[in-house]
Each structure stands twice: as C-alpha cells, then as structure tokens.
Amino acid sequence: MRDINIAMFGLGNIGSGVMKILSENKDMISNRYNIDFIISGILVRDINKRRDIDIDKSLLTDRVEKLISDKRVSVVIEVLGGVNPAREYILMALKAGKTVVTANKEVLARHWQEFHEAAKDSGAGLYYEASVAGGIPIIKVLNQSMQANSITEIMGIINGTTNYILTNMSEAEKDFEEALEEAQKLGYAEPDPTADISGLDAMYKLSIMSTLAFHAKVPIDNIYREGLTHLTKEDIRYGKELGYTIKLLAIAKKKGNVIEARVHPSFIQKNHPLAAVREAYNAVFINGDRVGNLMLYGRGAGDMPTGSSIISDLITACQNECKQEYTTFANRDKSLSMVEFNDNWYSGFFIRMTVKDNPGVLSSIAGIFGKFGVSIESVIQKGHGADTATLIFVTHKALENSIKGAISEINMMDDITKVENIIRVEV
Ligand SMILES: NC(=O)c1ccc[n+]([C@@H]2O[C@H](COP(=O)([O-])OP(=O)(O)OC[C@H]3O[C@@H](n4cnc5c(N)ncnc54)[C@H](OP(=O)(O)O)[C@@H]3O)[C@@H](O)[C@H]2O)c1
C-alpha cells in the first residue's frame, strides 16, 4: 500500500465534499488502487469557524508555508477559488515539486501558462478535471479519447446556475429577476451571482476546454461574452412559438487556422440534443472529424460531482507518478502556430422590435436587411397598443457585422419605436 500525503487548500463546499468522499470511500479506493490518501493539513482562512464537517482541528492552518514546507506532502488540492491568493499558492506548490489538483477555472484560465512553466521546471503535475463542468469528465475525454480527431466544434451548457434560471424562465414563464431569486433560495445561485449571469464563469471554462480541443491557446481575451440579464420572458415565449429553446451556450469553432469562441444566450432548435438539458445540468457537445458528434451530460457543479472529478485526478496523478504531460497552454499542434480569432461569425438572429403600425413599415425593414445581405427566415407580427405592433424577425445565417449595420439603420427609421432585443440563433 502506498501512502500519499495531501494538503488541502480550502475546506468550503468543495473541500468538504472531497474530505467526505475520501473518508466514506476510503476502503474502496485503497482496495482498488493500493493507495492510502492521508490528509496532512488543510489551509483555511479562519481556523475557528464553525464547520458542518467533522474534522480533526489540528489539521487546520491559516499558514500556507507550513503545508508547502511539509516534505511528506506530494499533492495539493486547491479549492480556494478566485485568483488571489490561489495563483500565488499554486505556484508555490508547483515550484516546491508538489502536484496540484485544482477545481479553480478562473485562476487556470488566467494563469495556465505560468503554471505550466512552473510544473515543467519542477516535474510536478497539474490536473484540472473539476475546473470544467463539475462531474463531467470532459478534460479526460479531450486529452485521452479524441487523439484521432480534429475537433471542429465544441459547444456546451457549462453553467448550471444560468441553465436553472433559463429553464425556469422558459417553463414557468418567470421574469429573470424572479427566476434568479428562486435559484438563490434553492442554493443554485450564489448570493453574488455576477460571475454566472454575466457569462464569466462559462468564459473561463470555454477557454480551458477549447484550448484542449483545438490544441491551440484560446485566451479569455479572445472570447466574446454576453450575459443573460437582458433576456425577457416575452422573448423566450416568442422563441418557443417559433420552435426554439433558450440556452446560455459556450461555443468554439475552428475552420482551418481560424477560431471563433463565444459565450452568449442562444436559441437552439427544440429538437437539438442540448435543448433537453434542463435545470442545473450541464452538457458538452463535441464534433470530431472521425468520431462525429459526441455529447457528455451530467451534473456540472455541487460538492459530490466536483469531488468525484478531483479524486479521479488525484488517483490519476498517483498512477502517473504525479507527472502529467497535458499541462500545456501553449500551441501543441504545430500546424496551428498562427491561429487567428474571428469576431465576425455567422449565426441566425432573433430580433424583436416595436414599430408604429403604419403601412409599408415591414417592407422598409425587409429592404434594409436585404441591403446588408441579411435574408429573413420568418416574421411574426403581434398587435400591441392602439398604433404600435411587435415584429419578430428570425434571420437565416448572417454575419454579426451585417446585423449590426442593418440594426443601426433600422434604428434611424421614424416608424421604429425600439429594437427591444437581439438574440442569436445557433443554426
Ligand atoms: N461550488 C461548486 O459547485 C463548484 C463546482 C466546480 C468548481 N468549483 C470551484 O471550486 C473552488 C472552491 O469552491 P467552493 O464552492 O468550495 O468555495 P467556498 O465554499 O467559498 O470555499 C473556499 C474555501 O477556501 C478557503 N479560503 C478562501 N480564501 C482563503 C485564503 N485567502 N486563505 C486561506 N483559505 C482561504 C475558505 O476558508 P474558510 O472556510 O475559513 O472561509 C474556504 O474553506 C472554486 O474555484 C470554484 O470555482 C466549485
């Protein structure tokens, strides 16, 4: 039996989950893998805080140096969250030759390169399965199962909070604020939900998974991001009438050496496999040139699913003698040394506007779309006030810049009261 000494950085929601699994599944793990995991110390902010988990208090410390200098410790599990001090502590651990298993997507997406270099220099490993989509083993699939493929597209619902909110807005016809409040009451959303509802969380995860999928660095600065606070139940209802479901999608596509990466609300056809992903579930859809379409589905957050991924990394790290070759954030595919990023991509658009109910308005708007090369797939008109109407256009595939050009010209028309919302349609 091998004894592996671990230091935990953080004992919050996820840290406590990891401790629970290590304790409850201790025998199963040691019988199967011949490894005994021993917790040597746990870094927390406040050692006197009351905790739900039954823990030997002598393990707790607020001094990171104590754990870094502990020669017995070969693996650190980082579940602090955020960038500071997580970045500094991860670097300290890697430089000291300790393998790091992290669930922290933000620090990884922002500082992967630095971690990679520190790990390479010291021979330590860096594992991050839990940083994307909680319990779904997307990192292992990308690294270890897709070698024969060129991946051209990876698309996912990778934020459970927003998927819960959108499911509720769509099925129970709730307003955004109401759905958010309910998600917070049920523990699906944080008291400060900004990172989720602004798309930041999904952007970090997309950066990590698309970098692995395309073997080329996809930095967060090259990812377009739009949150969901502007969505209304009216838009979602009209979308449903047209056969669409609303999702916050993280999308990355590669054509030749050109990559587009974006996080934004999207309508998808209601028979698309991702449309069936409800509530706080996550799913990732991959298109590989050899395997075809592949979809992974499961719980994208929570202490047990995330803990499951962390412990899988822990065991893999021990089986690899802690070293891992997939730490790289640098371009691995030599043919992709010159990657370009595209911010003028094609998609369909759902455009809702309020107009004066005058003769000829519809044809004037259609004329402007035509001038910008945008063709209309469908239009619906809804009576509104005495002299206003709501028009909803769904376009065929069009370029972002063409839509922007058309909308700014439409906005100048006397008969337009307001362009209320524009939502992309993934086609
Ligand atoms: N929650 C999820 O479902 C989920 C899913 C996937 C990935 N993750 C990722 O997992 C990580 C942890 O999330 P969580 O929900 O477990 O967070 P959390 O509940 O807020 O726990 C954070 C832990 O880190 C400790 N900590 C924070 N700052 C510290 C500092 N400066 N010095 C020492 N200790 C510090 C806290 O100590 P105290 O206990 O003393 O306050 C706490 O134990 C994050 O990166 C998150 O993105 C979370």
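The values are calculated or read from the model by the stated rules, or taken from the named source; none is laboratory data. Note that this is a predicted model, so its numbers are computed, not measured. Don't worry about glycine lacking a Cβ; one is built from the backbone with ideal geometry, like all the others, and counts go over all protein chains shown. Remember, those area values only see protein heavy atoms, side chains included, never the ligands or the DNA or RNA. Shrake-Rupley method; radii C 1.70, N 1.55, O 1.52, S 1.80 Å.
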Cβ-Cβ under 7 Å pairs, at least 6 apart or on other chains, the range 82-107 side within 24 Å of A133 (Cβ to Cβ), far side open to solvent by 20 Å² or more (accessible area, probe 1.4 Å) and among the charged types (D, E, K, R): G82/E106; V83/E106; V83/R110; V107/R87
Assuming E182 fulfils every condition listed in (1) free of Cβ contacts under 8 Å to residues at least 60 places away in the same chain; (2) within 20 Å of the chain's Cα centre (by Cα); (3) open to solvent by 10 Å² or more (accessible area, probe 1.4 Å) apart from one, which condition is it? (2)
Can you tell me which residue among G156, G135 is touching a residue at least 40 places away in the same chain (Cβ under 8 Å), assigned to a loop (DSSP other than H, G, I, E, B), in contact with a helix residue (DSSP H, G or I) (Cβ under 8 Å, 6 or more places away or on another chain) and closer than 26 Å to V18 by Cα? G135
Quick one: is E129 in contact with a helix residue (DSSP H, G or I) (Cβ under 8 Å, 6 or more places away or on another chain), open to solvent by less than 10 Å² (accessible area, probe 1.4 Å), within 14 Å of the ligand (Cβ to nearest atom) and in contact (Cβ under 8 Å) with a residue 60 or more places away in the chain? yes
Of everything in the range 84-118, what is in contact with a helix residue (DSSP H, G or I) (Cβ under 6 Å, 6 or more places away or on another chain) and open to solvent by 30 Å² or more (accessible area, probe 1.4 Å)? Give them in sequence order. R87, Y89, M92, K95, A96, G97, K105, E106, H111
Need the failing condition index for I220 against (1) within 16 Å of the ligand (Cβ to nearest atom); (2) without any contact (Cβ under 8 Å) to a residue 12 or more places away in the chain, just the number. (2)
Checklist (1) within 12 Å of the ligand (Cβ to nearest atom); (2) farther than 26 Å from N320 by Cα applied to D56, failing item: (1)
Give the residue that is least open to solvent (accessible area, probe 1.4 Å), with candidates limited to residues of the range 132-158 that are of a type outside the set (A, V, I, L, M, F, W, C) and more than 16 Å from the ligand (Cβ to nearest atom). N143
Filter the range 265-297 for residues that are part of a strand (DSSP E or B) and open to solvent by 30 Å² or more (accessible area, probe 1.4 Å); which is nearest to I139 (Cα to Cα)? L296
Is it true that some residue in the range 61-72 is among the hydrophobic types (A, V, I, L, M, F, W, C), closer than 18 Å to A124 by Cβ and either within 12 Å of the ligand (Cβ to nearest atom) or open to solvent by 40 Å² or more (accessible area, probe 1.4 Å) (or both)? yes
